[in-house]
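One structure below.
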Amino acid sequence: MRKIHFLTIIKIHAMNFFSKNRFVFWLLIFLVVINLTALITFLVFYSRNSSGSNQQVQKNPGMAFRKELSLSPSQSGKVETILAEYRNSTGPVTDNIRKYRTQLLEELAKDKPDTNLLNSCADEICSLQKQMQKASIKQYMALKEICNPAQCKRLSALYFELYGCQGKGQGMGKGKGMMHQHRRGQGF
């Protein structure tokens, strides 16, 4: 009998505690929600900000060239012009490559792919990639014309890295240079 009475007293005290401290309880819940919201907002903002800075570097490869090649202001202006010409000439080519690759993959996904269409898409892609390569050569030659001998060596090393060659290119350094910035069709 005494046990039952003791448990009843504990229940009453617990109920009094929670009823008296209901305000504190809801205040704590509110503060937890505010803190979680602030944390989530920070994480979302930080992830957008870091990806935005990567996109900024990719949108302005001239800045990367300026840093990698230690370009003068006049050289930087010329590099910006060369890169803009490259983007203008290769943009439509890149779009066409993407279009033919999509067409190729859609045809391959069919139960009975048309081999003539597949071969035609492959031929078109090869032709477009040849145009891209020629544009890259033209760009490299234009860049080389504005660089001094030391910058030319570093430019050569950058292209070796860009193409993933492990050869003995002049000026090959141990660093990765601009290789990581131009892997998604954002060539310089």
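Every read-out reported here was derived from the displayed coordinates using simple, explicitly stated rules and does not represent laboratory data. Since the structure is predicted, the reported quantities are computational estimates derived from the model, not experimental observations. Using ideal geometry, Cβ is built from the backbone for each residue, glycine included, and neighbour counts are taken over all protein chains shown.
Compute the signed sum of charges (Lys and Arg +1, Asp and Glu -1) over the other residues within less than 12 Å, Cβ to Cβ, of LEU155.
Every neighbour counted, the sum reads 0.
Under a Cβ-only charge scheme (Lys and Arg +1, Asp and Glu -1), can you give me the dipole magnitude of the range 113-168 about the Cα centre, in debye to the nearest 20?
I would put it at about 480 debye.
Using 0.36 nm per residue, how much length does the chain from THR102 to LEU31 gain when fully extended, once their Cα-Cα distance is taken away?
20.5 nm
Tabulate in residue order the Karplus-calculated ³J(HN,Hα) for the range 132-143, using 6.51 cos²θ - 1.76 cosθ + 1.60 with θ = phi - 60°, rounded to whole Hz; enter x for Gly and Pro.
Rounded to whole hertz, the list is 4, 5, 5, 5, 5, 5, 4, 5, 4, 4, 5, 5.
Would you mind checking LYS67/LYS130; LYS99/LYS138; LYS78/LYS153; LYS67/LYS134; LYS99/LYS134; LYS130/LYS153 for any pair whose Cα atoms are more than 22 angstrom apart?
Over 22 Å apart, Cα to Cα: LYS67/LYS130; LYS99/LYS138; LYS67/LYS134; LYS130/LYS153.
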